[in-house]
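Down below is the structure, laid out as structure tokens.
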Amino acid sequence: MSFNEAWPGKIDVVYPLSSMSKGQEDFELRHSLRSLNEQPWVNQVFTVGHKPPWIKNAHHIPFPDQWGYDFKDKNIIKKMLRACADGRVSDPFVANSDDQYWLRIIEPKEMLIPPREFPAQMEMDAKGRKLNLRRAFRNRWVKRQAETVHFLSQNKRCATCFDGHVPYLIEKEKYLLTMSQIPWEMGDGFLIVVYHGWNWESLANGSKIEDRDGVLVRIKADLKTEQIEEKTRNSLFLNHNNKALSIGMREFLKKKFPNPSRWE
């Protein structure tokens, strides 16, 4: 059975949004939606949590952030579980964040498994030393990455450092079952890609993670528009951090996605 035969029809996209980090402009979300607008498989858009006042033609699922800003992964997982419980949301659905963009038209199977993070930030943090969960990491995100890898290894699951900064498909029953088997609410929690590590064998279906190298470009520095164009020339997805949302990135996104989406 092919991918499209297994999951026929259109697919919904769910954005978990936090009111803690949102401004009036919502520049990133607007352009993420514009990048989504041309995808032939997209159906409905849902926002879980924050509802921007300008958004239209989208469904809103009210849901609070139960943890502070330093625990974004736990808040996102909670919102994905809430989306799984909503009968209006397609099965499967796509989970995406507002600073993640589709760079070209793709098939849904491109969102089934994420690329690896290479090199992994926890390895860069350790600088060649053996991983020690008791050592001080530079931030909670890197600590969660280390905890995620350790947990998956201890449970004999795939401990590849997947990169969660891309749109990814969620099968509702599998997601609900997976997260019920993982103590993701304890302590600092785990990265959202613990779901992929736990289910890697069935999701990959014989694929090699090395084949995903290059599908995502992460920009984490202030670059000029031309530099971003060159870096993203052969990629499917783009993500940036706050530092990279500079004049160059803004101009790139406005040039790449100039037209308002159906959700604006």
Next on the checklist: What pairs come out if I take residues in region 92-109 that are touching a residue at least 60 places away in the same chain (Cβ under 8 Å) and farther than 15 Å from residue 33 by Cβ and pair them with residues that are of a type in the set (Asp, Glu) and not in a loop (DSSP other than H, G, I, E, B) whose C-beta lies under 8 Å away, six or more apart or interchain?
Outcome noted: 93/12
Checklist outcome for this item: Over region 199-228, the set of residues without any contact (Cβ under 8 Å) to a residue 60 or more places away in the chain, more than 20 Å from residue 121 (Cα to Cα) and surrounded by 14 or more Cβ atoms within 10 Å (Cβ to Cβ) is 199, 223, 224, 225, 227, 228
Next on the checklist: Can you name every one of the strands (runs of 3 or more DSSP E) wholly within region 23-123 that holds 2 or more residues which are of a type outside the set (Phe, Trp, Tyr) and in contact with a Ser or Thr (Cβ under 9 Å, 6 or more places away or on another chain)?
Outcome noted: 42-49, 59-61
Next on the checklist: Tell me whether region 59-77 contains one or more residues that are under 15 Å from the mean Cα position of the chain (by Cα), more than 22 Å from residue 184 (Cβ to Cβ) and among the hydrophobic types (A, V, I, L, M, F, W, C).
Outcome noted: no
Next on the checklist: What pairs come out if I take residues in region 161-190 that are of a type in the set (S, T, N, Q) and pair them with residues that are assigned to a helix (DSSP H, G or I) and crowded, with 20+ Cβ neighbours inside 10 Å whose C-beta lies under 9 Å away, six or more apart or interchain?
Outcome noted: 178/194; 178/195; 178/198; 181/198
Checklist outcome for this item: Selection over region 231-246 where residues are without any contact (Cβ under 8 Å) to a residue 24 or more places away in the chain and either within 20 Å of the chain's Cα centre (by Cα) or surrounded by 11 or more Cβ atoms within 10 Å (Cβ to Cβ) (or both) yields a count of 4
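Since every read-out is calculated from the coordinates, none of them should be taken as a lab result. This structure is a prediction, so every number in the text was calculated from the model and none was measured. FYI the Cβ positions are ideal-geometry reconstructions off the backbone, even for glycines, and counts take in every protein chain you see.
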